[in-house]
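Chemist: The structure follows.
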């Protein structure tokens, strides 16, 4: 006859010794001998929890706690089990039951705070962590938890202070160091962020999250070689974490390894479909010169299917009075999109077309405030889900929602998949959104030529011309370059736009003009050794000599940057992703831009800007034509130097700098699509 009490005591001893497997086996033997009762249930649950068998533990401990509702220790373990199962609501319930019995249990207040964090109840989480700290001063983990809650509430500076205080008490918390680093990174304090992530890695060398966070900070610092290495280490440590692959892809993209970047994004999507990975994959596809229309269309259609939503219930929007226009953006700050939109928004009839901004951006600046002053409403949606943001837009009664530059930065065109407004328009984007719920895309006859093989999910709307901006207020004076030197070509575009096809054409140009030079600059990107070596290798293979290529790696004031165009004769546009802001800057300095527009929208921006200026001679129709036009220009460059002031004046007087005219065209377009919507609605 088995001695049940002795056997149960033996199980307890095994559990205290950390021998969960032996304890579980003895529990099974007791079950075979028809032993039952609350004591065995409790021990079975604890043994299962110790072995990581959380579902089994939850079942056993749940039954036991129903029988013994005042056993605070078992309730605490049940809460931990539910948290491990990803059921924070049940965990919070268990922890609250413990606190009803033991209100001064600081660790339980801490555990409740973690459950509330997972539930998104950040204010209550901060309160729970605060109670734990009050009961147990210098409770470092609770201090770090409160910092996390404060960060989630948007109280960034308070969160930084809380993390610093926690790490002063316990400097060996690797998670807290990397959390602090991510917070500092969001505040633009990149060097401090890198230091915090580095400390986390030093404390815990196999901490994949810290390695990939360090890679992000290094990338923001322009230390791209190190960033790629950090992300590669993270992928090696955690090959099943989608975020690590996505971040490695972003670093590879920054060093112009577009195809490898796309492979990383595909791997991330295979592990966990995510908007960031999708957006990065879509953007990378636009930069690649090895993808044809079919390849691009395949990626775009996949994206559309992935984010196709059953439209939200649209409450009828009042049809009389002003047409409320919402702008969905992450870029209303010091950013080219804001620079393009400001001269239009300032000149819009805002009484007839009130401006409502839905901003997905962490920081604001002087440009943000200028636009905010024009808006009837400004809503920060950074902490809202797509569905929540769409519901807010519907509640605001927006008639037309304009998704700005949806492929790039932190923009969220997928909010439109929830049918946030009766009419939805893509503006300042470079390709189809791929979304069935996006009704229109705006361009002009060059960006959206009729008969193009490019596929759009949207109906195409064409303005008389597209690009518009004000001339920079700090334009430097024009001066003649050194006429005794050979021709100087330049490209100040993002090197991610510069692929093998572009470098091959540039190498041919330099090979045909031995006295020519090519000057490349983009922020500090050419400080990256890999970019320099790869670009030089491909240029030499196409006919250039290394001494013909100048790669500038320096930061300088905007006016000093623009002044560099004074030393150039001709700006070379990359392909297939052409310039737009850089093209406008070159033209402001009287420097023409040579472009080869492919049969896709992303490739035709420079051509769209050259045509109103009657500079069609700088629009090539093939790689050979591009090279030939550059070589021919070099022979007659002196006459173009003499025309710089005239070109600047022509630009200033052109439609490219006429925000009022652009605003009137946009108002007519908004009115037309709204009337079309009303006609369709009334016909139903």
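The values are calculated or read from the model by the stated rules, or taken from the named source; none is laboratory data. Computed from a predicted model, the values in this text were never measured in an experiment. Note that we place each Cβ from the backbone using ideal geometry, even for glycine, and neighbour counts take in every protein chain shown.
Chemist: Being in the same structural domain as residue 205 (by TED's automatic domain parsing) and either modelled with pLDDT of 95 or more or within 29 Å of residue 381 (Cα to Cα) (or both) is true for just one of 129, 190. Which residue is that?
Modeler: 190
Chemist: Something else: Examine the range 136-147 for a residue that is surrounded by fewer than 17 Cβ atoms within 10 Å (Cβ to Cβ), out of contact with any helix residue (DSSP H, G or I) (no Cβ under 7 Å at 6 or more places or on another chain) and closer than 17 Å to residue 83 by Cα, and state whether such a residue exists.
Modeler: No, that holds for no residue.
Chemist: If you don't mind, another one. So for the range 242-254 (the condition being surrounded by fewer than 16 Cβ atoms within 10 Å (Cβ to Cβ), at pLDDT below 95 and under 21 Å from residue 406 (Cα atoms)), does at least one residue qualify?
Modeler: no
Chemist: Listed residues 175, 185; which is surrounded by fewer than 17 Cβ atoms within 10 Å (Cβ to Cβ) and either more than 21 Å from residue 239 (Cβ to Cβ) or over 19 Å from the mean Cα position of the chain (by Cα) (or both)?
Modeler: Of 175, 185, the one residue that is surrounded by fewer than 17 Cβ atoms within 10 Å (Cβ to Cβ) and either more than 21 Å from residue 239 (Cβ to Cβ) or over 19 Å from the mean Cα position of the chain (by Cα) (or both) is 175.
Chemist: Further question on the same structure: Out of contact with any helix residue (DSSP H, G or I) (no Cβ under 6 Å at 6 or more places or on another chain) and part of a helix (DSSP H, G or I): is that true of residue 630 in this structure?
Modeler: No; evaluated as a whole, the condition is false for this residue.
Chemist: Scan the range 595-614 for residues that are free of Cβ contacts under 8 Å to residues at least 60 places away in the same chain, touching a strand residue (DSSP E or B) at 6+ places or on another chain (Cβ under 8 Å) and more than 9 Å from residue 578 (Cα to Cα) and jot them down.
Modeler: The answer is 610, and nothing else.
Chemist: Tally time: how many residues in the range 71-96 are more than 20 Å from residue 133 (Cα to Cα), in a helix (DSSP H, G or I) and over 37 Å from the mean Cα position of the chain (by Cα)?
Modeler: Here the count works out to 7.
Chemist: Kindly indicate whether residue 39 is within 49 Å of the chain's Cα centre (by Cα), part of a helix (DSSP H, G or I) and under 23 Å from residue 82 (Cβ atoms).
Modeler: no
Chemist: Of the residues that make up the range 328-339, is at least one crowded, with 20+ Cβ neighbours inside 10 Å, in the same structural domain as residue 382 (by TED's automatic domain parsing) and more than 18 Å from the chain's Cα centre (by Cα)?
Modeler: There is no residue in the range 328-339 that is crowded, with 20+ Cβ neighbours inside 10 Å, in the same structural domain as residue 382 (by TED's automatic domain parsing) and more than 18 Å from the chain's Cα centre (by Cα).
Chemist: Just give me the residues in the range 480-502 being part of a helix (DSSP H, G or I) and either surrounded by fewer than 23 Cβ atoms within 10 Å (Cβ to Cβ) or not assigned by TED's automatic domain parsing to the domain that holds residue 533 (or both), in sequence order.
Modeler: Within the range 480-502, 496, 500, 501 meet the criteria.
Chemist: Within the bounds of the range 605-625, is there any residue that is closer than 24 Å to residue 478 by Cα, modelled with pLDDT under 95, in contact with a helix residue (DSSP H, G or I) (Cβ under 8 Å, 6 or more places away or on another chain) and part of a helix (DSSP H, G or I)?
Modeler: The answer is no; no qualifying residue exists.
Chemist: Moving on to the next point. Hey, does the range 534-553 have a residue that's touching a residue at least 40 places away in the same chain (Cβ under 8 Å) and surrounded by fewer than 17 Cβ atoms within 10 Å (Cβ to Cβ)?
Modeler: no
Chemist: List the number of the failed condition for residue 381; all other conditions in (1) out of contact with any helix residue (DSSP H, G or I) (no Cβ under 6 Å at 6 or more places or on another chain); (2) farther than 29 Å from residue 579 by Cβ hold.
Modeler: (1)
Chemist: Could you please let me know if residue 18 is outside any helix (DSSP H, G or I) and closer than 29 Å to residue 88 by Cβ?
Modeler: yes
Chemist: Okay, moving on. Considering only the range 642-651, state which residues are loosely packed, with under 15 Cβ neighbours inside 10 Å and either in contact (Cβ under 8 Å) with a residue 40 or more places away in the chain or not in a loop (DSSP other than H, G, I, E, B) (or both).
Modeler: Within the range 642-651, 643, 645, 646, 649 meet the criteria.
Chemist: When you go through 437, 417, 421, 405 one by one, which is the residue that is at positive phi and in the same structural domain as residue 338 (by TED's automatic domain parsing)?
Modeler: 405
Chemist: Turning to a different aspect of this structure: How about the range 382-404: which of its residues are assigned to a loop (DSSP other than H, G, I, E, B) and crowded, with 22+ Cβ neighbours inside 10 Å?
Modeler: Correct list: 398, 399.
Chemist: Please note which helices (runs of 4 or more DSSP H) are completely contained in the range 521-593 and include at least 2 residues that are more than 27 Å from the chain's Cα centre (by Cα) and over 23 Å from residue 338 (Cα atoms).
Modeler: Once the helices (runs of 4 or more DSSP H) in the range 521-593 are filtered for at least 2 residues that are more than 27 Å from the chain's Cα centre (by Cα) and over 23 Å from residue 338 (Cα atoms), what remains is 529-541.
Chemist: Surrounded by 19 or more Cβ atoms within 10 Å (Cβ to Cβ) and either at negative phi or assigned by TED's automatic domain parsing to the domain that holds residue 382 (or both): does that describe residue 180?
Modeler: It is true that residue 180 is surrounded by 19 or more Cβ atoms within 10 Å (Cβ to Cβ) and either at negative phi or assigned by TED's automatic domain parsing to the domain that holds residue 382 (or both).
Chemist: If residue 425 meets every condition in (1) over 20 Å from the mean Cα position of the chain (by Cα); (2) touching a residue at least 40 places away in the same chain (Cβ under 8 Å); (3) part of a loop (DSSP other than H, G, I, E, B) apart from one, which number is that one?
Modeler: Tallying (1) over 20 Å from the mean Cα position of the chain (by Cα); (2) touching a residue at least 40 places away in the same chain (Cβ under 8 Å); (3) part of a loop (DSSP other than H, G, I, E, B), residue 425 fails exactly one: (3).
Chemist: Then there's this: Looking at (1) surrounded by fewer than 20 Cβ atoms within 10 Å (Cβ to Cβ); (2) within 24 Å of residue 468 (Cα to Cα); (3) at pLDDT 95 or above; (4) in contact with a helix residue (DSSP H, G or I) (Cβ under 7 Å, 6 or more places away or on another chain), can you tell me which one residue 358 breaks?
Modeler: (1)
Chemist: A further question follows. Has the range 557-570 got at least one residue that is touching a residue at least 12 places away in the same chain (Cβ under 8 Å), closer than 22 Å to residue 446 by Cβ, assigned by TED's automatic domain parsing to the domain that holds residue 502 and buried (at least 22 other Cβ atoms within 10 Å of the Cβ)?
Modeler: yes
Chemist: Please count how many residues of the range 24-36 are touching a helix residue (DSSP H, G or I) at 6+ places or on another chain (Cβ under 7 Å) and in a helix (DSSP H, G or I).
Modeler: 4
Chemist: Continuing with the same structure: Testing residue 308 on (1) in the same structural domain as residue 210 (by TED's automatic domain parsing); (2) under 30 Å from residue 670 (Cβ atoms); (3) touching a helix residue (DSSP H, G or I) at 6+ places or on another chain (Cβ under 7 Å), one condition comes back false. Which one is that?
Modeler: Going through the list (1) in the same structural domain as residue 210 (by TED's automatic domain parsing); (2) under 30 Å from residue 670 (Cβ atoms); (3) touching a helix residue (DSSP H, G or I) at 6+ places or on another chain (Cβ under 7 Å), residue 308 breaks only (1).
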